[in-house]
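*Asks:* Pasting a structure here, questions to come.
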Amino acid sequence: MTDSAEAPLAPGAWQSATVIDVRPETANAKTLRLRLPRPSQHLAGQHYLVRLTAPDGYSASRSYSVASAPDGTDAIELTVERLEDGEVSSFLDDELAPGDELEVRGPIGGWFVWRGDAPAVLVGGGSGVVPLMAMLRLARRTGRSDLVRMVVSARSPDQLYYAHEIPGPETAVVYTREIPPSWPRPPGRLELKDLPHPLDPHATAYVCGSSGFAEAAAALLQEAGMAVEQIRIERFGPTR
């Protein structure tokens, strides 16, 4: 029997989270590490809502994917891309500091999730890598990297999220505009040859990025032999 005082909060309840760390990922994105009142029950691929409330009562909320792997602790990480004139993202990236409090609600989402027990192909563009990073971290933490193959598309090396963590035998990076010195692949959009080969016929693909990127990546996966029902897509637009 579980004591009600220790029962996890429902996903629909707003709760106060404490900022315990803020670190840059790129010139326009930061990762926020938050401590929750209770251990997080999130799955890799889920997101949280963040709500800001002004002294006059005006509030705005935005959705941010969880970048950290499920680990049973009370801490989660959200990576926030700063958008020009973004009323929420600019505050989170420019003003937030350790010790500050944020209102959050989650975890949310039950379709774009990976539980760490089945083959997965992860294809992310730009900030779309964030929920996929939770999946990669889960695979590595549980010793199941053999289940995951990831392809990340970024404009340039300085725009690659988690640049010091992504490299590994299960990952590949495609740069579309600028490449590091001696990089084996010329800059260019994601192509069929960039996908893992051969694709596991039992794998589920998780595609996250802008609408244009997601549509192009899904088409490539189908060209590579994946059925439509094996492909899960999460599109994103400006989150200000």
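*Asks:* Roughly what would the spin-label model give for T204 and R115, points 7 Å off Cα along C-beta, in nm?
*Replies:* A separation of 0.8 nm, rounded to one decimal place.
*Asks:* Separate question: For each of Y161, Y58, Y175, count neighbouring Cβ atoms within 10 Å of the residue's Cβ, then give the residues from fewest to most.
*Replies:* Numbers: Y161 23, Y58 9, Y175 20.
The order, fewest Cβ neighbours first, is Y58, Y175, Y161.
*Asks:* Using θ = phi - 60° and the Karplus curve 6.51 cos²θ - 1.76 cosθ + 1.60, what whole-Hz ³J(HN,Hα) does each residue of segment 52-58 get, with Gly and Pro shown as x?
*Replies:* Couplings: 10, 10, 7, x, 7, x, 5 Hz.
*Asks:* Sorting V80, V19 on the 10 Å Cβ count, fewest up front, what's the list? Don't jump to the answer; show the numbers that get you there.
*Replies:* On the way: V80 28, V19 17.
In increasing order of surrounding Cβ atoms, one gets V19, V80.
*Asks:* Right, another one. Within the chain, what percent of beta bridges assigned by DSSP are antiparallel, to the nearest 5? Write down the numbers at each step before the final one.
*Replies:* Working: 31 of 52 bridges.
Counting only bridges with both partners in the chain, antiparallel ones make up about 60 percent.
*Asks:* Further question: Sort I20, I233 by Cβ crowding within 10 Å, fewest neighbours at the top.
*Replies:* On the way: I20 14, I233 20.
Sorted ascending by nearby Cβ count, the order is I20, I233.
*Asks:* Of the listed peptides 123-131, 69-77, what is their order by residue-averaged count of other C-beta atoms within 10 Å, with the highest listed first? Walk me through the numbers on the way to the answer.
*Replies:* Working: 123-131: 26.6, 69-77: 17.2.
Packing proxy ranking, top to bottom: 123-131, 69-77.
*Asks:* I've got another one for you. Mind checking the full-extension length gain between A219 and D146? Use 0.36 nm per residue of separation minus the Cα-Cα distance, one decimal, nm.
*Replies:* On the way: separation 73, 0.36 × 73 = 26.28 nm, distance 2.45 nm.
Gain in length upon complete extension: 23.8 nm.
*Asks:* Less than 14 Å Cβ to Cβ from T171, Lys/Arg counted +1 and Asp/Glu -1: what total charge do the surrounding residues give?
*Replies:* Once positives and negatives cancel, what remains is 0.
*Asks:* Something else: What's the angle, to the nearest 10 degrees (0 to 90), between helix 129-141's Cα axis and the longest principal axis of the chain?
*Replies:* 90
Every number here is computed from the coordinates shown, using simple stated rules; none is lab data. The model shown is predicted, which means the values in this text are computed figures rather than measured ones. Backbone-built Cβ (ideal geometry, glycine too); neighbour counts: all protein chains shown.
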